[in-house]
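Note sheet for the following structure.
FYI, it's all coordinate maths here, none of it is from the lab. What you see is a predicted model; the values in this text were computed from it and never measured. Note that each Cβ is placed from the backbone with ideal geometry, even for glycine, and that neighbours are counted across all protein chains shown.
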């Protein structure tokens, strides 16, 4: 799949989705959001795809929303603004409910809606010179679409600080507070550091794609299904997933391999 806003290819079980508006620093507009919806739907249907990797073309991962389009929609009234915002929200929900891990490979800047898109992924891999931020407050705006996810990932105090202060974080600080999972530098001998980073991120995704698909799907289902549950219900859901996992062919084969080696 390829269109003027998003390029998609599958490599070794990894669906690589490249935001392809480098002249706009990959700013999110309606067309790009719809292309991401379609690409995730395709990934859900293709057995070949085990992992989804989202990255950006050019200098940055994503600079945020396309402000010209945002202003035009705002001028159309509250209902159109709500429809536009809900479509972005639907994308975040779709990423979370997709039964395959979604990884953001962030280089350059991931700001505002771009930081939100990365935050909505299951994992964030960052180039060592990447920059993250939710600076909407400086425009009188709010990082509203990502707030539910940011609060879950980082807690209330940290989420409020990032949204209310609107400062930028380098990759090391983002990893320290738990926003980023890993900072990758890639092979320095490869030449272009960004190309080396993307190669390292793809290697990570390829490795993750070797895990049994059923185990990854159940892990994601249980983790996010624990939202809003009390301790006892969480344990009960864990027991349910435990029983389901035991019955999968992947688990049975894994146990047999282990027993054969012992």
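Key figures
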item: 0 to 90° range, to nearest 10: angle between helix 193-209 axis and the chain longest Cα axis; result: 40
item: Highest to lowest packing among 92-101, 75-84, scored as the average C-beta count within 10 Å; result: 92-101, 75-84
item: Least to most buried among 197, 258 (fewest other Cβ within 10 Å first); result: 258, 197
item: Packing-based exposure ordering (other Cβ within 10 Å, fewest first) of 168, 25, 50; result: 168, 25, 50
item: Order of 54, 73 - criterion: other Cβ atoms within 10 Å of each residue's Cβ, fewest first; result: 73, 54
item: Nearest-ten-degree value, helix 249-261 long axis tilted from longest Cα axis of the chain; result: 50
item: Of 237, 21, 252, the one that fluctuates the most in a GNM where the chain has Cα springs shorter than 10 Å; result: 252
item: In degrees, nearest ten, helix 231-247 long axis to first principal axis of the chain (Cα); result: 60
item: Taking the chain and dividing mean pair separation by its residue count, relative contact order in percent (alpha carbons under 8 Å, at least six apart); result: 16
item: Percentage relative contact order, the stretch 124-262, counting C-alpha pairs under 8 Å, at least six apart; result: 22
item: Most to least packed among 121-127, 38-44 [average Cβ atoms within 10 Å]; result: 121-127, 38-44
item: Extension gain, residue 249 back to residue 219 (0.36 nm per residue minus Cα-Cα distance, nm); result: 9.2 nm
